[in-house]
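Have a look at the structure below before the remarks.
Only the coordinates and a few stated rules stand behind these numbers; no lab work does. All figures in this text were calculated on a predicted structure; none of them were measured in a lab. Note that we place each Cβ from the backbone using ideal geometry, even for glycine, and neighbour counts take in every protein chain shown.
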Amino acid sequence: MFRSAPPAPSGRRRLLDAARALTTPLLPEDFLTLVDPLWSTSSLRGRVVARRRETDRAVSVTIEPGRAWAGHRAGQYVGVGVDVDGVRYRRSYSLSGPEGSEHLTVTVQEVPGGVVSTRLVRDLPIGTIVELEQASGTFTLPEPLPSKLLFVTAGSGITPVMSMLRTLDRRGTVPDTVLVHSARTPEDTIFGAELAGLAARHPSLRVVTRHSAVTGRLDPASVDAAVPDRAGRAIYACGPAGLLDALTEAWDGVVAERFTPPARAAEGTGGTVDLGGSAVEVAPGQSLLEAGEAAGRIMPSGCRMGICFGCVLPLREGRVRDLRTGEAHGEPGDLVQTCVNSACGTARIDLP
Amino acid sequence: MTATLDTPATGAEPGPEETGRVRQPQRPVLELVPSSRREDVVATTDLTAEQIEELGRRLDAIRDRVLAERGASDAAYIRDVIRKQRALEIGGRALLFAGVLPPAWIAGTAMLSIAKILENMEIGHNVMHGQWDWMRDPKIHSSTWEWDNVSSSAEWKHSHNYMHHTYTNVVGKDRDVGYGILRLSEEQKWNPYYLGNPVYNFLLSLFFEYGVALHDLEVEKLVAGEKPWSRVWQQIKSIGRKAGRQILKDYVAFPALAGPFFLPVLAGNLTANVVRNVWSHAVIFCGHFPTGAVQFGEEQLDDESRGEWYVRQLLGSANLDGGRYFHLMTGQLSFQIEHHLFPDLPSNRYAEIAPEVRALCEEYGLEYTSGPLWKQYLQVLGTINRLALPNGKR
Ligand SMILES: Cc1cc2nc3c(=O)[nH]c(=O)nc-3n(C[C@H](O)[C@H](O)[C@H](O)COP(=O)(O)OP(=O)(O)OC[C@H]3O[C@@H](n4cnc5c(N)ncnc54)[C@H](O)[C@@H]3O)c2cc1C
Ligand code: FES
């Protein structure tokens, strides 16, 4: 579950509050959204209005957000909740459109076997309603702008940088900037033509495209070779974990955006769980509920055997292991039954 | 055969299908307390512990299959029911505004009654069981749902999902046996108060939602000193808040909005609430108390295995026969047996697995109680009348 949208303006809010007397225990919006799902004021949603194929494996999806959408800064990402086989999955996607756009656009590259990216890239019908979270993230251009910039990107890592370049292009002032972008092949280069066009229009922008199928993977040395004055530039990097690790190790001050969490240690059952603000050790095979109670936490519970759902709590970080199936599962925001789930490494869970 | 099955098959000849199997040491399988209906039961529980565990595994297999199949069409089903229910509610309330015209009043009241029944039964009850939690849609989730009823979700999830579904038909533990008001089992000691059984039942049926809300208070525990006053007071405040909002909506806000048509709207809303109450009371009572549904003693809970738990749920519940729309209106509680075996499987699947469960029951010689609503309801009323008297025998 995402954080809720900011409250509506006060006049409208008062009207809605009055209308609540007529709709209790539901909200007026539960009826209004029968007409248009975007009229929700308590949760933010969007409607897919356009899809544009960028490459064989990537698609830009344009979404009309509900009125609570607060806009984004170039480089930020948005939480998107999409239903696949009836189940809501939530993933983050960088916004590729420029700052100030009315609709929001994300550019998604298919991850083989990926649940959400394959859905978004292959068959998300126009008109689909998705759940949205407000934009967030600190991978943004500082104000004032540094005089010299270097972007290093690979694969779908170009998306937040594209938003920055489009924003600078709109403002008409592109500082001395180099973009080193790597994709597998020319056909696989997202925004290839647009990047060339931008470079042609702005003499201060130099775009270096590399194709890993031809010249191998990007590394710090090859960037240095392509950008002799690298040392004087503010560096922004986004791409696979391997590239980011190499860059941040080689150079100081790299601002990096990761699309995948750093590799996790072995996911053995048991671990340390932050339960409502303090750490609780969960023994292998012990349920979160048992561990929490043993540590003196006040935990909601009921049947303690997985049938009454009196014990569900929101998972904020990490994963849990289902004691019934032995399977590790969970994403931030999932509500987990604490009586039938154990820890799986470290995790954070909110208490009511 | 003795009434209490404390010596089931020990030393008995292995049945034909058991020959060659390693026989586990036997232990009491089902300890059924003497109950008025025990004659129906004795023959049905003549199973070995092994057989019961095997039955449990086969039921688990049904559950696993449905879990694996659960997907987009199920999600579409509940969303569709919710949409239609809300449309019915809007339509019904709109028609009631023209309620000075008798046909509009009748149609509006009927639509609103149906909307309220769907909301409580097929949507609220099942969502709060976590049947739709797998969708991970916060709008259709057991932890966020609040229903159109005076008892609050939180209280109800405790008394229903936990107390009733864990201790189904265990007299003294399952407070749904009689709702603390009625005498529904011979195990409940008779006293003159119970002479009013039929009257209490009639009133409970009319004001069922209030009965359920007060039921959550567990007043008898307060009297016994097992529950502090502070907790009860907190619950009373919560019920008061919830009931206040419900009363304000149906008996003040909507009638007031109708201006000169205040009375027809008020009468329509009142009628819809009563219709909903009478209907849910009937469906719920027919799920556990007709002839054939078994009650248990607290000993049953000691070391109860998964298989035994299943058997208790099976024997303690009763189904209702009917068509598709009838099942929808009961919130699929017409498949009470399947619901009690698998309280968190999506309700739209019960109809599909019912034949398999019935076949299993036949195979294992367990009673699968099912009948038409009118017949089951007459049986329930019969029991209520009979138990008004000290040793009311059939
Ligand atoms: C801040 C942020 C911004 C992001 N912006 C974008 C974006 O603009 N465009 C975009 O396409 N994606 C972006 N992602 C990645 C995106 O959130 C998903 O992780 C990705 O689409 C895969 O999700 P999935 O459901 O298809 O795969 P899953 O079903 O979750 O995973 C399938 C397999 O793929 C692996 N995997 C997961 N993510 C990636 C990945 N990014 N690259 C390679 N392998 C992966 C998993 O480890 C797993 O083994 C961003 C992620 C973050 C955290
Ligand atoms: S306490 Fe019952 S599901 Fe967790």
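Calculate, for residue A:56 and residue B:64, the FRET efficiency according to 1/(1 + (r/R0)^6) with r their C-beta to C-beta distance and R0 45 Å; round to the nearest 0.05. Approximately 0.75, to the nearest 0.05. Residue B:229 sits among other residues whose Cβ lies under 13 Å from its own Cβ, and their net charge, with Lys and Arg +1 and Asp and Glu -1, is +2. Computed over neighbours whose Cβ is under 12 Å from that of residue A:174, the net charge equals +4, Lys and Arg +1, Asp and Glu -1.
Which GluC sites (Glu not before Pro) does the stretch A:17-122 hold that lie in a coil by DSSP with at most 11 other beta carbons within 10 Å?
Sparse-neighbourhood loop GluC sites (Glu not before Pro): A:102.
Rounded to the nearest angstrom and ordered from largest down, what semi-axes does the equivalent ellipsoid of the stretch B:254-332 get from its C-alpha gyration tensor (root of 5λ)? Write down the numbers at each step before the final one.
Numbers: eigenvalues 335, 42, 22 Å².
Gyration-tensor ellipsoid for the stretch B:254-332: 41, 15, 10 Å.
Working from Cα pairs under 8 Å separated by at least six residues, relative contact order for chain A is 12 percent. Of all aspartates and glutamates in the structure, those lying under 20 Å Cα to Cα from residue A:148, and not within fewer than 8 positions of it along the same chain, are A:169, A:176, A:224, A:229, A:252, A:257.
When the Cα gyration tensor is reduced to axis lengths a ≥ b ≥ c, the ratio a/c is 1.5 or higher for chain B, and with a/b above b/c it is classed as prolate.
Listed by chain and number, the aspartates and glutamates whose alpha-carbon sits under 19 Å from that of residue B:249, ignoring those within fewer than 8 places in the same chain, are A:17, A:29, A:30, B:89, B:119, B:146, B:148, B:209.
Relative to the longest principal axis of the Cα atoms of chain A, the long axis of helix A:158-171 lies at roughly 60 degrees. When only alpha carbons of chain A are considered, Rg and Dmax amount to 23.0, 69 Å.
Suppose each label sits 7 Å from its Cα in the direction of the beta carbon; what would the residue A:317-residue B:54 distance come out to in nanometres? So the label points at residue A:317 and residue B:54 sit 5.2 nm apart. The lysines within cross-link reach of residue B:139, meaning a Cα-to-Cα straight distance under 20 Å and a gap of 8 or more places when in the same chain, are B:84, B:116, B:157, B:242. Evaluated at q = 0.05, 0.06, 0.07 Å⁻¹, the base-10 log of the normalised Debye intensity for the protein assembly as shown, with identical point scatterers placed on the Cα atoms, takes the values -0.34, -0.47, -0.62. Computed from Cα atoms, the angle from the helix B:306-316 axis to the main principal axis of chain B rounds to 60 degrees. Per residue of B:243-249, other chain Cβ atoms within 10 Å of the residue Cβ number 2 on average. The 3J(HN,Hα) values that the Karplus relation (6.51, -1.76, 1.60; θ = phi - 60°) gives for the stretch B:221-231 are, in residue order, 5, 5, 4, 6, x, 8, 9, x, 4, 4, 5 Hz. Gly and Pro appear as x.
Across peptide A:21-31, what mean number of C-beta atoms from other chains lies inside 10 Å of a residue's C-beta?
Other-chain Cβ atoms within 10 Å of each residue's Cβ, averaged: 5.
Enclosing the Cα atoms of the stretch B:192-324 in their convex hull gives a volume equal to 199 cubic angstrom per residue. Could you tell me the relative contact order of the stretch B:242-394? Use alpha-carbon pairs under 8 Å, at least six residues apart, and round to a whole percent. For the stretch B:242-394, the relative contact order is 22 percent.
Take each of the peptides A:281-288, A:342-349, average the number of other beta-carbon atoms within 10 Å over its residues, and list them starting from the highest.
Values: A:281-288: 18.2, A:342-349: 22.1.
Result, highest mean Cβ count within 10 Å first: A:342-349, A:281-288.
For the stretch A:62-103, a/c is not less than 1.5, where a ≥ b ≥ c are the root eigenvalues of the C-alpha gyration tensor, and a/b tops b/c. That puts it in the prolate class. The string of couplings for the stretch B:63-80 from the Karplus curve (6.51, -1.76, 1.60, θ = phi - 60°) is 4, 4, 5, 5, 4, 5, 7, 3, x, 4, 5, 5, 4, 5, 4, 5, 5, 5 Hz, one whole number per residue in order, with x for Gly and Pro. Other residues lying with their Cβ under 9 Å from the Cβ of residue B:345 contribute a combined charge of +1, Lys and Arg counting +1, Asp and Glu -1.
Can you check what the Kirkwood hydrodynamic radius comes to for the stretch B:87-135, Cα pairs only, in Å to one decimal? Its Kirkwood hydrodynamic radius stands at 11.6 Å. Less than 5 angstrom separates the built amide H of residue A:178 from those of A:149, A:150, A:151, A:206, all sequence-distant by 5 or more or on a different chain.
Think of the stretch B:58-197 as a dipole: +1 on every Lys or Arg Cβ, -1 on every Asp or Glu Cβ, centred on the Cα centre; then among B:144, B:75, B:88, B:88 lies furthest on the positive end.
Across the residues of A:196-202, average count of Cβ atoms on other protein chains within 10 Å?
Mean shielding count: 0.
Projected onto planes of every orientation and averaged, the convex hull of the alpha-carbon atoms in the stretch B:177-270 covers 7.6 nm². Between residue A:217 and residue B:195, the modelled labels are 8.9 nm apart [label points 7 Å from Cα along Cα→Cβ].
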